[in-house]
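Asker: My questions will all concern the structure given below.
The values are calculated or read from the model by the stated rules, or taken from the named source; none is laboratory data. Being a predicted model, the structure only gives us computed values, none of them experimental. Positions of Cβ are backbone-derived with ideal geometry, glycine not excepted, and every protein chain shown enters the neighbour counts. These area figures cover heavy atoms from the full protein model, side chains too; ligands, DNA and RNA do not enter into them. Shrake-Rupley method; radii C 1.70, N 1.55, O 1.52, S 1.80 Å.
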Amino acid sequence: MTENKPLSAPQKAMRKLGLVRDVDLALHLPLRYEDETRLTNLKAARDGDTVQFEATVVSQSVSHGPRRQLVVVVDDGTDTCTLRFFNVYPSQQKALAVGQRLRIRGEIQGGFMGRTLMHPHFQKAGGPLPTALTPVYPSSAGLPQAYLRKAVLSGLSRAVREGAFDETVPPDMAMPGTWPLVRALQFLHNPTPDLSWAQLEDRTHPAWQRLKAEELLAQQLSQARSKQERAVLRAPVLPIQSQAHALPAQLLAALPFELTAAQRRVVEEIARDLARPVPMHRLLQGDVGSGKTVVAAMAAAQCMAAGWQCALMAPTEILAEQHFRKLIGWLEPLLLPQGWRVAWLTGSQKKKDRQQMQALIASGEAALVVGTHAVIQEQVQFKSLALAIIDEQHRFGVAQRLALRSKTLAEGADGATCEPHLLMMSATPIPRTLAMSYYADLDVSTIDALPPGRTPVVTKVVSDTRRDEIIDRIRTQVAAGRQVYWVCPLIEESEALDLSNATETHALLREALGAGQAKAPQVGLLHSRMNEADKKQVMAAFTSGDMAVLVSTTVIEVGVDVPNASLMVIDHAERFGLSQLHQLRGRVGRGAAASACVLMYSTGEHGRLSETARERLRAMVETHDGFEIARRDLEIRGPGEFLGARQSGAPLLRFADLDTDQDWLDWARRCAPLMLARYPEKAQQHLSRWLGGKSDYLKA
Ligand code: ADP
Ligand code: MG
């Protein structure tokens, strides 16, 4: 392609689809196929079939119903049927004149007016039939199938000729039951019709198997390589300190509870990583309420005990503030005697306060820094950062994580540049298949049990026509000294959606709970348009127990911890995603009191819930297990949405399906490290074939 010639519209459209190199074109595989290789007869065709037949026009007329139509009746000798076209113009009328013999292709619809084809394709009868199935490619506006098909086929033959698809998988890593790569590609772009159509459609054909395996291998190679690249990087060594007077042991002794066995196990896993001279890249996953914060605190203690700084970032101010309070409560009494401080950084901070904090961080006086994105801003200079902890990691984008890594390079004892260790925490457990594919470059620690003494949350699904009953229930809880969350999906009335909004609900609940009367319980409102100071004030009142009911939009979704809250009402529950519902439910059942979660749905004007909404609510009632919920969420939504921010980093699989192609994923996981070790050039060739210039992102 010459660079100075302006691109045509289809060429531009191809660029947008990422079809730049011949290799990209060759790997642009059909969505489905159409069979134009055979002619059928009308008598044999059933309603709903897509058919191709040759027939003679026996009549033509223009009907003047509600819409002008060209109505053509054809006869193929076995039966007749009607063709209908909404556009009537002379050249078409001529081509469809009585006596013309035509080859016609389209879907047969039954009906009491007789069998009909709407807007079928047609051409003159006779002429050779194609010998291969006709591929239909993923395309976009301005890119006709015929143009794309031609470009793909010529891209394929050039790429094959130039050796771009020479085998990269070493012969000793055989791929049983698949075709050689070039043959598989040629076949998928041009399949002969003499085989089971079903195998092509459901992608179980050996040619498809080959492409899926190759794709998974590319993904595993890229992850294995970034892991390998990390292994040669240096990180500060933070030795495990087990003496009773060392900070970690002091912290343990100061906690109001014992760690669970699951927490102890992950604390040890992290501790071992921190003691190695290689940057840790670990994901700590644990269901909502499983107690990740204290695990983070233990890691921080190990880091600070070795004389280094630690940073903890949370996605929202409320959450950051909660961590801050918690960590201060636990750690400050232990740090102060050493002259160490805990610093606090957020966007809403006054400039003077922030500068003061920045000075503490730069001098090294602040051993621990807690905050929001503000922590990775340019003005923030650490003296010696050795551990960065990111809470709710899926809420941070790839770019933000890259920024953290690039700005936090620390200087090792011998003056060499080090990267800090990275601990990411998430309450959205990653299903096993995703962990093995998209997160294969991470080590994963899992807290698989909740702290003792929790009572399971009873989940109820009710229609919003029973709002009054629910308000009664709130009254009872509040009278018993318990606290209640009420979550609404939107802040303002939207004409289109007619959702009850938080402000209105707030007013309603205040009224219902006796606003103005002596000893009326406090009902608060929290939504994302409030300023940070007001938000904090409301949160503080709820956390202290002064406020009985908190009406909020989903700002409380992550991390908030108020053990006395025993009832969670989710308004318009049908509008929330499964993981979100699970996170919200996790806000209650944190204390010993029996807790409940009410999923209140509204059927709106349709009078019933959509099938997926119904499925989500059912899943919430049936299970409390975060892993099971994540698995179902994946099933309902697919991995694209699930991966959130990481989506822009890891290439989504185009052909392989983590559910059905589990065996190939296992194979690719075994194959990738061997290939990198023994056949690095082949590995490189394989990667650039599949990922082209995109592989940089993968290191995020
Ligand atoms: P999450 O994993 O959702 O971040 P948190 O760290 O907020 O959970 O912990 C939830 C609650 O459980 C907090 O109140 C915390 O103090 C408490 N907690 C954590 N570990 C234990 C434990 N081993 N025993 C009792 N309570 C614990
Ligand atoms: Mg948390």
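Asker: With the checklist (1) without any contact (Cβ under 8 Å) to a residue 24 or more places away in the chain; (2) within 16 Å of ligand 1 (Cβ to nearest atom) in hand, flag the one item residue 290 doesn't pass.
Answerer: For residue 290, the exception is condition (1).
Asker: I'd like the full set of residues that are closer than 16 Å to residue 215 by Cα and aliphatic (A, V, I, L, M), limited to the range 677-690. Reasoning before the result, please.
Answerer: To start, the set of residues in the range 677-690 that are closer than 16 Å to residue 215 by Cα comprises 682-690.
If the condition is that a residue be closer than 16 Å to residue 215 by Cα and aliphatic (A, V, I, L, M), then 683, 687 are the ones that fit.
Asker: Okay, moving on. When you scan the range 556-566, do you find a residue that is more than 16 Å from ligand 2 (Cβ to nearest atom), under 23 Å from the mean Cα position of the chain (by Cα) and at positive phi, even just one?
Answerer: No - not one qualifying residue is present in the range 556-566.
Asker: Follow-up question, since we're still on this one. Assuming residue 316 fulfils every condition listed in (1) away from ligand 1 (no atom under 11 Å from the Cβ); (2) open to solvent by 30 Å² or more (accessible area, probe 1.4 Å); (3) under 27 Å from residue 452 (Cα atoms) apart from one, which condition is it?
Answerer: Among (1) away from ligand 1 (no atom under 11 Å from the Cβ); (2) open to solvent by 30 Å² or more (accessible area, probe 1.4 Å); (3) under 27 Å from residue 452 (Cα atoms), residue 316 violates only (3).
Asker: What number goes with the only condition from (1) in contact with a Lys or Arg (Cβ under 7 Å, 6 or more places away or on another chain); (2) more than 18 Å from residue 69 (Cα to Cα); (3) surrounded by 13 or more Cβ atoms within 10 Å (Cβ to Cβ); (4) modelled with pLDDT under 90 that residue 134 does not pass?
Answerer: (1)
Asker: Tell me which residues, restricted to the range 277-332, are within 12 Å of ligand 2 (Cβ to nearest atom), of a type in the set (S, T, N, Q) and in contact with a Leu (Cβ under 9 Å, 6 or more places away or on another chain).
Answerer: Answer for the range 277-332, where residues must be within 12 Å of ligand 2 (Cβ to nearest atom), of a type in the set (S, T, N, Q) and in contact with a Leu (Cβ under 9 Å, 6 or more places away or on another chain): 290, 293.
For (1) among the acidic types (Asp, Glu); (2) not assigned by TED's automatic domain parsing to the domain that holds residue 98, each residue gets a yes or a no:
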{"residue": "14", "(1), (2)": "no, yes"}
{"residue": "17", "(1), (2)": "no, yes"}
{"residue": "21", "(1), (2)": "no, yes"}
{"residue": "24", "(1), (2)": "yes, yes"}
{"residue": "27", "(1), (2)": "no, yes"}
{"residue": "43", "(1), (2)": "no, no"}
{"residue": "48", "(1), (2)": "no, no"}
{"residue": "52", "(1), (2)": "no, no"}
{"residue": "56", "(1), (2)": "no, no"}
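Asker: If you go through the range 342-364, how many residues are at negative phi and either in contact with a Leu (Cβ under 7 Å, 6 or more places away or on another chain) or outside any helix (DSSP H, G or I) (or both)?
Answerer: Of the residues in the range 342-364, 11 are at negative phi and either in contact with a Leu (Cβ under 7 Å, 6 or more places away or on another chain) or outside any helix (DSSP H, G or I) (or both).
Asker: Would you point out which residue out of 386, 367, 403, 399 is assigned to a helix (DSSP H, G or I) and either at pLDDT 90 or above or touching a helix residue (DSSP H, G or I) at 6+ places or on another chain (Cβ under 7 Å) (or both)? Give the steps one after another, and end with the answer.
Answerer: Working: 386 fails: assigned to a helix (DSSP H, G or I); 367 fails: assigned to a helix (DSSP H, G or I); 399 fails: either at pLDDT 90 or above or touching a helix residue (DSSP H, G or I) at 6+ places or on another chain (Cβ under 7 Å) (or both).
Being assigned to a helix (DSSP H, G or I) and either at pLDDT 90 or above or touching a helix residue (DSSP H, G or I) at 6+ places or on another chain (Cβ under 7 Å) (or both) holds for just one of 386, 367, 403, 399, which is 403.
Asker: What about residue 549, is it over 25 Å from residue 464 (Cα atoms) and not assigned by TED's automatic domain parsing to the domain that holds residue 288?
Answerer: Spelling it out, it is not the case that residue 549 is over 25 Å from residue 464 (Cα atoms) and not assigned by TED's automatic domain parsing to the domain that holds residue 288.
Asker: Tell me the helices (runs of 4 or more DSSP H) entirely within the range 233-341 that contain at least 3 residues that are touching a strand residue (DSSP E or B) at 6+ places or on another chain (Cβ under 7 Å).
Answerer: Details: elements: 247-254, 261-274, 292-305, 317-335.
The qualifying helices (runs of 4 or more DSSP H) are 261-274, 292-305, 317-335.
Asker: Another question about this same structure. From the list 73, 57, 88, pick out the single residue that is assigned to a loop (DSSP other than H, G, I, E, B), over 25 Å from residue 131 (Cα atoms) and not small (Gly, Ala, Ser). Break it down stepwise before answering.
Answerer: Working: 73 fails: assigned to a loop (DSSP other than H, G, I, E, B); 57 fails: assigned to a loop (DSSP other than H, G, I, E, B).
Every option except 88 fails the conditions.
Asker: Please tell me if residue 554 is modelled with pLDDT under 90 and in contact with a Pro (Cβ under 8 Å, 6 or more places away or on another chain). Can you show your working first?
Answerer: Working: modelled with pLDDT under 90: yes; in contact with a Pro (Cβ under 8 Å, 6 or more places away or on another chain): yes.
Judged against the criteria, residue 554 is a match.
Asker: To continue, here is another question. Before we move on, is residue 585 under 23 Å from residue 392 (Cβ atoms) and in contact with a Pro (Cβ under 6 Å, 6 or more places away or on another chain)?
Answerer: Details: under 23 Å from residue 392 (Cβ atoms): yes; in contact with a Pro (Cβ under 6 Å, 6 or more places away or on another chain): no.
Against the criterion (under 23 Å from residue 392 (Cβ atoms) and in contact with a Pro (Cβ under 6 Å, 6 or more places away or on another chain)), residue 585 does not qualify.
Asker: Let me ask you something else. Checking residue 483 against (1) assigned by TED's automatic domain parsing to the domain that holds residue 551; (2) modelled with pLDDT under 75; (3) closer than 30 Å to residue 292 by Cβ: exactly one of these is not met. Which one?
Answerer: Only one criterion is unmet by residue 483, namely (2).
Asker: When the residues of the range 6-29 are filtered to those that are within 25 Å of the chain's Cα centre (by Cα) and in a loop (DSSP other than H, G, I, E, B), which remaining residue is nearest to residue 133 (Cα to Cα)?
Answerer: 29
Asker: Of a type in the set (Val, Ile, Thr), in contact with a Lys or Arg (Cβ under 9 Å, 6 or more places away or on another chain), more than 16 Å from ligand 1 (Cβ to nearest atom) and touching a residue at least 60 places away in the same chain (Cβ under 8 Å): is that true of residue 376 in this structure? Break it down into steps so the answer makes sense when it comes.
Answerer: Working: of a type in the set (Val, Ile, Thr): yes; in contact with a Lys or Arg (Cβ under 9 Å, 6 or more places away or on another chain): yes; more than 16 Å from ligand 1 (Cβ to nearest atom): yes; touching a residue at least 60 places away in the same chain (Cβ under 8 Å): yes.
For residue 376, the condition - of a type in the set (Val, Ile, Thr), in contact with a Lys or Arg (Cβ under 9 Å, 6 or more places away or on another chain), more than 16 Å from ligand 1 (Cβ to nearest atom) and touching a residue at least 60 places away in the same chain (Cβ under 8 Å) - is met.
Asker: Is one or more of the residues making up the range 179-199 touching a residue at least 24 places away in the same chain (Cβ under 8 Å), closer than 30 Å to residue 418 by Cα and touching a Phe, Trp or Tyr at 6+ places or on another chain (Cβ under 8 Å)?
Answerer: Here is the first cut: in the range 179-199, the residues touching a residue at least 24 places away in the same chain (Cβ under 8 Å) are 179-181, 183-186, 188-193, 197.
Now restrict to residues that are closer than 30 Å to residue 418 by Cα: none.
Looking for residues that are touching a residue at least 24 places away in the same chain (Cβ under 8 Å), closer than 30 Å to residue 418 by Cα and touching a Phe, Trp or Tyr at 6+ places or on another chain (Cβ under 8 Å), one finds none in the range 179-199, hence no.
Asker: For the range 101-146, what are the residues that are in contact with a helix residue (DSSP H, G or I) (Cβ under 9 Å, 6 or more places away or on another chain), part of a loop (DSSP other than H, G, I, E, B) and of a type in the set (S, T, N, Q)?
Answerer: Correct list: 139, 140.
Asker: Related question: Could you identify the single residue in 631, 646 that is within 13 Å of the chain's Cα centre (by Cα), at pLDDT below 70 and either in a helix (DSSP H, G or I) or surrounded by fewer than 18 Cβ atoms within 10 Å (Cβ to Cβ) (or both)?
Answerer: Working: 631 fails: at pLDDT below 70.
On inspection, the qualifying residue turns out to be 646.
Asker: Would you confirm, using the coordinates I've provided, whether residue 347 is modelled with pLDDT of 80 or more, within 29 Å of the chain's Cα centre (by Cα), over 27 Å from residue 334 (Cα atoms) and not acidic (Asp, Glu)? Break it down into steps so the answer makes sense when it comes.
Answerer: Working: modelled with pLDDT of 80 or more: yes; within 29 Å of the chain's Cα centre (by Cα): yes; over 27 Å from residue 334 (Cα atoms): yes; not acidic (Asp, Glu): yes.
So residue 347 fits the description; yes.
Asker: Ok, one more. Taking the condition modelled with pLDDT of 85 or more, touching a Phe, Trp or Tyr at 6+ places or on another chain (Cβ under 8 Å) and surrounded by 17 or more Cβ atoms within 10 Å (Cβ to Cβ), does residue 22 pass? Lay out the reasoning, then the answer.
Answerer: Values: modelled with pLDDT of 85 or more: yes; touching a Phe, Trp or Tyr at 6+ places or on another chain (Cβ under 8 Å): no; surrounded by 17 or more Cβ atoms within 10 Å (Cβ to Cβ): yes.
So residue 22 fails the test.
Asker: Kindly indicate whether any position in the range 328-351 is in contact (Cβ under 8 Å) with a residue 24 or more places away in the chain and within 16 Å of ligand 1 (Cβ to nearest atom).
Answerer: The answer is yes; a qualifying residue exists.
Asker: Find the residue count for the range 251-280, including only residues that are crowded, with 19+ Cβ neighbours inside 10 Å and more than 14 Å from residue 296 (Cβ to Cβ).
Answerer: Going through the range 251-280 one residue at a time, the tally reaches 2.
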